[in-house]
Protein chains: 2
Amino acid sequence: MSESLKTTSVPQAVYDALRESIVTSAEAPGALLTETAIAVRYGVARPTAKAALERLVSEGLLSRRPHHAAQVTELSRDDIEDLYGNRALLEEAALGILASDGVVPIAALSVHRELLEHARADNRAALARTDVEFHRALVLAQHSTRLAKMHGLLMGEIELCIGQVQSHQLIRPDEIAEQHQGILDAVAARDADLAARLTREHIIYARDRLLQKYDDDHSEDS
Amino acid sequence: MSESLKTTSVPQAVYDALRESIVTSAEAPGALLTETAIAVRYGVARPTAKAALERLVSEGLLSRRPHHAAQVTELSRDDIEDLYGNRALLEEAALGILASDGVVPIAALSVHRELLEHARADNRAALARTDVEFHRALVLAQHSTRLAKMHGLLMGEIELCIGQVQSHQLIRPDEIAEQHQGILDAVAARDADLAARLTREHIIYARDRLLQKYDDDHSEDS
DNA sequence: ACTCGGACATTGTCTAGCAAGTGTACGAGC
DNA sequence: GCTCGTACACTTGCTAGACAATGTCCGAGT
């Protein structure tokens, strides 16, 4: 008790824990989450649980109808295309500006090194997480509050998406690392067009991997 | 009491009312809004007021530090540039896709007609409101859930921005209407590049008007 | 087999209250 | 007169409990 130095706020902690168990698919898509259930699970009052749920709803990770329990959203094929299409738009623009400004995304560099570690260890789950973090770092380097906010909105659902379709199973770590390196090089060379193009291609590549796995999973039961 | 037929939920109503009074600058930028003050103003319980405030915070219309009253965000010059830059990115992309798909944004057409009415009547306040609605309708026509969500996020702050800088005072209604017509024509002609270009120019035009007014207002007191 | 009614689950909203953090103003000491 | 510290007022953070409104489902009666 006297050990913990600075726990974040209670709703924040509930939100974090809940979010984690959702994106890792510990909560199956479609699973029902009632306010009281969350409240007792984390030992908080119902309004607190409610706040966390509402936040997740507003981010698209949960959905709910007025007098019903919230449930983990199930992403459709169209959702995946929508998410990655918009993501490509945002990151392409961000990288283009970054490169033309000649800004070196320092934070992204260290994340990139961490990613290389995971690639070498062939730790696919950690790699998927670090990959997301890398892209977040890139966008943050552009110092646009709204761009970062919008991108964060997308990445939340994309993490869910990666968790639901267990896409990291068929990711080739060396390819990811190579593509990231290419983007960083283009930024360093201040080649805006190249950086933008490589970014879009990288995202489309990830999307196609995801869709491929999605289709495989869904061809069985049709 | 027995008259009102179908009020939306209470927090929703509070949110709507509060949002309206913020974007119209009825609440001055920087004004302090305590939970209890909102609660008594609208005759609701404090948790209800709290929910409305938190929602406005998450949309960027209010800002707050942990144990302090929320206050109406004051947008800086950089904020305006950030907002309009990102808005241009989103709408440019949306219109490009709309045009290349040859989708006629039906809802936008009727809003455009309404806008023409206001332009003829030289009702600048209504025109500014309808202008925002027109752009929302355009983006909605593209049927991308995430794009609409992100755009909505931006437009909330942009409405605030328009309210704070009373920019409609120096808007030329005929120019706005003309630019909108040009965009609609380009979409009808399925000219994606033109539609995208005109959209960006239109938004940059609006931004520059805003910045001009902003600079005028701030040159006095420096 | 169909409709209707009622029990149950869940959220919506309120009241009440205590704990904790933050700023301010006032007074004591130098 | 100035500075520092303390106490107070204000506000939010979070909890507990209660009741109403609403949606769902199942069973009874026709």
Find the residue count for the range A:167-193, including only residues that are closer than 26 Å to A:SER100 by Cβ, in a helix (DSSP H, G or I) and open to solvent by 60 Å² or more (accessible area, probe 1.4 Å).
-> 5
Within the range B:44-53, track down each residue that is near DNA strand D (Cβ under 8 Å from one of its atoms) and open to solvent by 20 Å² or more (accessible area, probe 1.4 Å).
-> B:ARG46, B:PRO47, B:LYS50
Specify which of the listed residues (A:ALA195, A:ALA188, A:ALA121) is at pLDDT below 95, of a type in the set (A, V, I, L, M, F, W, C) and more than 26 Å from A:TYR15 (Cβ to Cβ).
-> A:ALA121
Is it the case that some residue within the range A:44-59 is among the hydrophobic types (A, V, I, L, M, F, W, C), out of contact with any helix residue (DSSP H, G or I) (no Cβ under 7 Å at 6 or more places or on another chain) and either at pLDDT 95 or above or at negative phi (or both)?
-> yes
Selection within the range A:60-78 - at the interface with another protein chain (Cβ under 10 Å from one of its Cβ atoms) and under 14 Å from the mean Cα position of the chain (by Cα) | A:GLY60
Got a sec? Which of B:VAL40, B:VAL57 is over 30 Å from B:PRO173 (Cβ atoms), within 13 Å of chain A (Cβ to nearest Cβ) and among the aliphatic types (A, V, I, L, M)?
-> B:VAL57
Would you pick out the residues in the range A:3-37 that are within 14 Å of another protein chain (Cβ to nearest Cβ), without any contact (Cβ under 8 Å) to a residue 24 or more places away in the chain and more than 13 Å from DNA strand C (Cβ to nearest atom)?
-> A:GLN12
Residue in the range B:141-151 that is modelled with pLDDT of 95 or more and over 29 Å from B:GLY60 (Cα atoms) present = no
Whichever residue in the range B:28-43 is assigned to a loop (DSSP other than H, G, I, E, B) and either open to solvent by less than 30 Å² (accessible area, probe 1.4 Å) or within 11 Å of DNA strand D (Cβ to nearest atom) (or both) and, among such residues, is nearest to A:ALA51 (Cα to Cα) | B:THR34
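The values are calculated or read from the model by the stated rules, or taken from the named source; none is laboratory data. The model shown is predicted, which means the values in this text are computed figures rather than measured ones. With ideal geometry, Cβ positions are generated from the backbone for all residues, glycine too; neighbour counts draw on all protein chains shown. All accessible areas refer to the heavy atoms of the entire protein, side chains included, with ligands and DNA or RNA removed. Shrake-Rupley method; radii C 1.70, N 1.55, O 1.52, S 1.80 Å.
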